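Take a look at the structure set out below.
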Amino acid sequence: MGDTNSKKEVVKEYGIITVGSFLVAVAVSMFMVPGNLVMGSVSGLALVLIHFIPIRMSVMNLILNIFFLILGFIFIGKDFGAKTVYAAVISPVFIYILEGIFPNLTSLTQDTWLDLLCCILIVSVGQTILFNANASSGGLDIPAKIMNKYFHVDLGKGVTFFGLLTVVSSILVYDTRTLIVGILGTYLNGVVVDEFISGFSRKKRVCILSDYHEEIERFIMQDINRGLTLYKAAGGYERKERPEIVTILAKNEYGKLLSYIREVDPNAFVTVTSVSEIMGIWNSRGRVRRL
C-alpha cells in the first residue's frame with residue numbers, strides 16, 4: 001500500500017511539473033519570441049544567442065538548461081536535480097512542438113506591452129508551480145534557487161538579479177527600447193513570482209477567546225486535525241481568566257473553523273493575521289502545548 005501511494009505521489013508531482021513547464025513554454029513561444037522580449041531567463045538568453053549561433057530556439061534553450069543543470073547537481077543536490085532535469089528537458093520539447101505548430105508566429109496582440117504582460121503572467125504561474133514542487137524550469141531559476149538555499153534570498157529577487165544580467169546582454173543584438181522593456185519585464189516577473197509563491201504558502205494565525213474554548217479546542221485537534229497553543233489570558237474589565245487559543249491553519253481549514261465558531265459561540269473574540277512562512281513542526285498534527 002505504501003509503495004502504491006508513493007508511486008501516486010511521484011506521478012502527481014511530475015504531472016504538476018509538466019503543467020508548469022508547459023505554461024512556461026507557452027509564454028516563451030506565444031509571446032516572448034514573437035514580441036522579441038528578452039526577459040531575464042534562459043529563454044531570454046537563448047533569444048540573444050541564436051543571433052550568433054543560428055540554431056532553433058528550443059535547441060539553444062536545451063543546451064543552456066544542460067549547463068545550468070550541472071550547477072544544480074553540484075550546489076542543490078540530486079533530488080532537486082532529478083525533478084529539474086525533467087522540467088528542463090520537457091520545457092524545450094514543448095517549445096519545439098509549439099515551434100512546429102506555429103511557425104513564424106508574429107505578435108498575437110501587436111503591442112509590445114500587452115505581449116509583456118501576458119508573458120509575465122503565464123511565466124509567473126508556471127514558475128510558481130515548479131518552485132512549489134521543489135523543481136525549476138531550469139536555466140536561471142537554478143542560480144536563483146542556489147541563492148535562496150545558501151543566502152536566504154527570496155526566489156523572486158534571485159530570479160530578478162540573474163535576469164537583469166541576461167537582459168543587459170540584449171543590447172548586443174537589439175536596441176535600447178528592447179533593453180528597457182526587458183528590464184521592466186524582468187523586475188515585474190520577480191515581483192509577481194514572489195507574490196504568487198507567498199500566496200501559495202500563506203497561512204492564517206487565528207487567536208480565539210471564548211467561553212466555549214474546550215469545544216473549539218476539540219474541533220481544531222480532532223476535526224481539523226491541527227495543533228494549537230493555549231495561553232493564560234484575562235479580560236481587562238471582568239478579570240475573568242480563560243485560555244486564549246492560538247493555531248496556524250491553511251486557508252480551507254480556517255474557513256471550517258470560522259463556520260464552527262459562528263455556530264458554537266457567535267460572541268467569541270477572534271483575531272486573524274496572515275503568516276507567510278512557518279518553521280518547525282507545523283505539519284505534525286494533533287499536538288497541544290500549554291503556556
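The values are calculated or read from the model by the stated rules, or taken from the named source; none is laboratory data. Since the model is a prediction, treat every value here as computed from it, not as a measurement. A quick note on method: Cβ atoms are made from the backbone with ideal geometry, for glycine too, and the neighbour counts reach across all protein chains shown. These accessible areas exclude ligands, DNA and RNA; they are computed on the full protein's heavy atoms, side chains included. Shrake-Rupley method; radii C 1.70, N 1.55, O 1.52, S 1.80 Å.
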| field | Contour excess over end-to-end distance, with Cα ends at residue 241 and residue 70 and 0.36 nm allotted per residue | value | 55.6 nm
| task | Just check region 6-107 against the gyration tensor rule for me: Cα atoms, a ≥ b ≥ c as the square roots of the eigenvalues, rounded for a/c under 1.5, and otherwise prolate or oblate depending on whether a/b exceeds b/c. | result | oblate
| query | With all protein chains present, how much of the accessible area of region 1-124 (probe radius 1.4 Å) comes from carbon and sulfur, to the nearest whole percent? | reply | 72 percent
| Relative to the longest principal axis of the chain, what angle (0 to 90°, nearest 10) does the C-alpha long axis of helix 251-264 take? | 20 degrees
| note | In nm, the gap between the two label points placed 7 Å beyond Cα toward Cβ at residue 102 and residue 151 is 3.6 nm
| message | For the chain, take the longest principal axis of its alpha carbons; what is the angle in degrees between that and the long axis of helix 2-27, to the nearest 10 within 0 to 90? | response | 50 degrees
| task | Pop out the ³J(HN,Hα) list for region 60-76 in order, Karplus 6.51 cos²θ - 1.76 cosθ + 1.60 with θ = phi - 60°, rounded to Hz; leave Gly and Pro as x. | result | 4, 4, 5, 4, 5, 4, 4, 4, 6, 4, 4, 4, x, 4, 6, 9, 10
| said: Accessible area of region 141-180 with a 1.4 Å probe: how many percent of it is carbon plus sulfur? | reply: 70 percent
| query | Per residue, how many Å² of accessible area does region 87-150 show with a 1.4 Å probe? | reply | 42 Å²
| In terms of solvent-accessible area of protein heavy atoms at a 1.4 angstrom probe, what is the ranking of 274, 107, highest value first? | 274, 107
| query | Over the chain, what is the mean sequence separation of C-alpha contacts under 8 Å (at least six apart), divided by residue count, expressed as relative contact order in percent? | reply | 20 percent
| Sequence ranges 62-69, 258-265, ranked by mean other-Cβ count within 10 angstrom, highest first | 62-69, 258-265
| query | Once you put a point 7 Å from the Cα of residue 112 and another 7 Å from the Cα of residue 132, both along the Cβ direction, what distance in nm separates them? | reply | 3.4 nm
| query | Hey, what did region 9-113 get for relative contact order, percent, Cα under 8 Å, at least 6 apart? | reply | 38 percent
| said: 5 Å is the cut-off here: which amide hydrogens, built 1.01 Å from N in the peptide plane, fall below it relative to residue 275, excluding neighbours closer than 5 in sequence? | reply: 203, 204, 205
| Euclidean distance between Cα centres, region 28-80 to region 170-195, Å | 15 Å
| field | the chain: calculated mean residue ellipticity at 222 nm from DSSP helix runs of at least 4, using -39500 (n - 2.57) | value | -19500 deg cm²/dmol
| query | What FRET efficiency, computed as 1/(1 + (r/R0)^6) with R0 = 41 Å and r the Cβ-Cβ distance, is obtained for residue 164 and residue 9, rounded to the nearest 0.05? | reply | 0.65
| query | Over what distance in Å are the Cα centres of region 237-256 and region 106-143 separated? | reply | 39 Å
| message | Between 179, 228, 117, where does the largest GNM mean-square fluctuation fall for the chain, given springs only between Cα atoms within less than 10 Å? | response | 228
| So which chymotrypsin sites (Phe, Trp or Tyr not before Pro) in region 1-56 pass both tests, a DSSP loop state and at most 14 other Cβ atoms within 10 Å of the Cβ? | 52
| request: Return one whole number: the accessible area per residue of region 14-70 in Å², for a 1.4 Å probe. | output: 37 Å²
| Relative contact order (percent) for region 48-176, with alpha-carbon contacts under 8 angstrom and 6 or more residues of separation? | 32 percent
